Amino acid sequence: MKFDFDKVIERRGGDSYKWNQPFDQDFLPMPVADMDFPASPAVLEALHRRTDHGIFGYAQAPTGTVDAIGEKLLKDYGWEIDPSWLVWLPGIVVGLNVVCRMLENPRDSVVTTTPIYPPFLSSPEHAQRPRIDVPLDVEDGRYTFPMDRLDAAFEGDARLFLHCNPHNPSGRCLTRAELEQIAERCLSRDVLICSDEIHCGLILEEGARHIPMATLSPEVAKRTITLMSPSKTYNLAGLMWSFAIIPDASVRRRFLHAARGIVTEVNAYGYAACEAAYRHSDDWHTELIRVLRRNRDLVAATVRETPGLWSPRVEATYLAWIDCRSLPIAGNPALHFEKAGLGLGDGRKFGAPGFVRMNFACPLPTLEEGLRRFRAAAADTSPAPSCSSG
Ligand SMILES: Cc1ncc(COP(=O)(O)O)c(C=O)c1O
């Protein structure tokens with residue numbers, strides 16, 4: 001076996017945000033979205049080479065990285081970009097916050113869909129701009145984008161749509177038809193699109209493929225800020241390195257203006273890691289997807305076999321979104337699982353109480369232990385006996 005994704009590597013006691021939560025040793029954390037897998041050998045080699053150089057001054061984009069991004073986007077999506085469209089960022093969440101700060105008028109509103117990755121909810125608040133939440137629909141067991149509710153949301157002062165595709169936490173990989181319907185609405189209302197595509201390399205569904213919003217048409221590209229990074233797919237989140245693709249010069253100027261004084265140079269390691277990930281990690285990535293599909297299916301089977309639970313099929317990402325609203329623990333399922341030694345994402349933070357999110361990007365022994373705890377805790381959900389007074 002060329003890559004061993006099932007080897008457990010100890011992350012406690014190091015710098016891992018996920019594994020160093022203030023819980024006891026027996027706690028198994030499966031909330032935070034990074035993977036318990038080492039980076040690809042090509043990425044590790046590139047980072048060793050960069051370390052061996054020994055000098056860590058402020059970094060600028062090397063031509064090799066810019067070319068690697070251009071070649072990757074062309075190969076994967078037929079998207080030909082101009083290098084001048086790239087803006088480097090120390091993380092996608094920074095990009096979400098900068099985009100919200102582009103809105104000039106205090107009444108300019110931000111539309112997003114729920115449930116959603118929590119910074120989509122907090123970024124408009126940080127920029128003190130009103131937010132309009134559009135709850136997704138569930139049809140035939142999968143989340144869909146309700147076009148009538150989007151129409152209503154785009155009326156009035158909406159100026160920005162914060163879009164997530166592949167969608168965290170619903171696991172949807174949107175079809176071209178869905179993207180076209182969303183884009184058409186944004187364009188007709190002059191609403192800027194910010195498309196967070198950080199999960200674009202994690203398509204698990206056979207036959208599905210990621211379509212960058214900006215590739216729909218030149219008109220859509222002009223109104224779209226795409227946020228991308230190798231950080232999720234190649235497990236480089238701690239390098240804090242990502243980029244925006246902004247084809248329109250005036251939108252790019254407004255973005256840079258909103259970022260001035262806040263976003264400066266980015267991590268030198270990020271450039272080296274990105275080039276190695278995009279150019280030399282295809283075989284590692286193929287194996288990763290195979291392992292994630294297997295893990296997804298194990299989680300799905302566990303949810304199916306547990307009375308009272310539902311979870312949509314994960315078309316993309318490594319995150320399972322689990323509906324616990326039919327269980328007696330619906331008030332705070334994350335707390336219930338936490339007490340049973342299992343850390344899961346709390347649906348309330350995603351705008352969806354009663355749900356939990358499970359990160360299944362881990363070696364098989366870790367997943368099996370997580371699912372064992374999950375099954376036991378889900379089976380033990382009888383409401384606490386009420387205290388009788390007097
Ligand atoms: C949709 C989405 N955007 C952004 C991020 C975080 O990006 P970054 O760490 O680059 O800020 C995540 C992490 O889970 C995510 O799921």
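The values are calculated or read from the model by the stated rules, or taken from the named source; none is laboratory data. Keep in mind that what you see is a predicted model, and the values were worked out from it rather than measured. Heads up, the Cβs are rebuilt from the backbone with ideal geometry, glycines too, and the neighbour counts pull from every protein chain shown. SASA here: full protein model, heavy atoms, side chains in, ligands and nucleic acids out. Shrake-Rupley method; radii C 1.70, N 1.55, O 1.52, S 1.80 Å.
Some points to look at:
- Exclusive hit being free of Cβ contacts under 8 Å to residues at least 24 places away in the same chain and surrounded by 18 or more Cβ atoms within 10 Å (Cβ to Cβ), set V299, V303: V303
- Residue within the stretch 234-248 that is within 16 Å of the ligand (Cβ to nearest atom), at positive phi and in contact with a Phe, Trp or Tyr (Cβ under 9 Å, 6 or more places away or on another chain) present: yes
- Residue list for the stretch 178-194, filter: open to solvent by 10 Å² or more (accessible area, probe 1.4 Å) and small (G, A, S): S188
- Residue check, L327 free of Cβ contacts under 8 Å to residues at least 12 places away in the same chain, over 30 Å from G70 (Cβ atoms) and not β-branched (V, I, T): no
- Sole exception among (1) free of Cβ contacts under 8 Å to residues at least 12 places away in the same chain; (2) in contact with a helix residue (DSSP H, G or I) (Cβ under 9 Å, 6 or more places away or on another chain); (3) within 19 Å of N168 (Cα to Cα) for G343, by number: (1)
- A search for C-beta distances below 7 Å between a residue of the stretch 34-56 that is under 12 Å from A276 (Cα atoms) and any residue that is open to solvent by 30 Å² or more (accessible area, probe 1.4 Å) and among the hydroxyl-bearing types (S, T, Y), counting only pairs 6+ apart in sequence or on different chains, returns L47/Y269; R50/Y269.
- Of all residue pairs spaced 6 or more apart or on separate chains, those with beta-carbon atoms under 6 Å, a first member in the stretch 1-29 that is closer than 16 Å to G238 by Cβ and open to solvent by less than 80 Å² (accessible area, probe 1.4 Å) and a second member that is modelled with pLDDT of 85 or more and among the small types (G, A, S) are P29/G343.
- Residue within the stretch 119-128 that is part of a strand (DSSP E or B), away from the ligand (no atom under 14 Å from the Cβ) and free of Cβ contacts under 8 Å to residues at least 60 places away in the same chain present: no
- Verdict on P106 being surrounded by fewer than 19 Cβ atoms within 10 Å (Cβ to Cβ), outside any strand (DSSP E or B), of a type outside the set (F, W, Y) and out of contact with any His (no Cβ under 8 Å at 6 or more places or on another chain): yes
- Residues satisfying the stated conditions in the stretch 260-270, i.e. assigned to a helix (DSSP H, G or I) and within 16 Å of the ligand (Cβ to nearest atom): Y269, G270
- The listed residue being away from the ligand (no atom under 16 Å from the Cβ), within 20 Å of the chain's Cα centre (by Cα), without any contact (Cβ under 8 Å) to a residue 60 or more places away in the chain and within 19 Å of L179 (Cβ to Cβ), out of T144, T112: T144
- Looking across the stretch 236-259, the residues that are open to solvent by less than 50 Å² (accessible area, probe 1.4 Å), in a helix (DSSP H, G or I) and under 27 Å from A33 (Cα atoms) come down to A237, L239, F255, A259.
- Residue satisfying all of: in the stretch 197-211; away from the ligand (no atom under 16 Å from the Cβ) and acidic (D, E); most open to solvent (accessible area, probe 1.4 Å) among these: E206
- Any hit, the stretch 348-355, residues being within 19 Å of the chain's Cα centre (by Cα) and small (G, A, S): yes
- The residue of the stretch 91-103 that is farthest from the ligand (Cβ to nearest atom), among those that are part of a loop (DSSP other than H, G, I, E, B) and more than 15 Å from the chain's Cα centre (by Cα), is L103.
- The numbered conditions (1) more than 16 Å from the ligand (Cβ to nearest atom); (2) open to solvent by less than 60 Å² (accessible area, probe 1.4 Å); (3) closer than 21 Å to D34 by Cα; (4) not polar (S, T, N, Q) are all true for L216 except (3).
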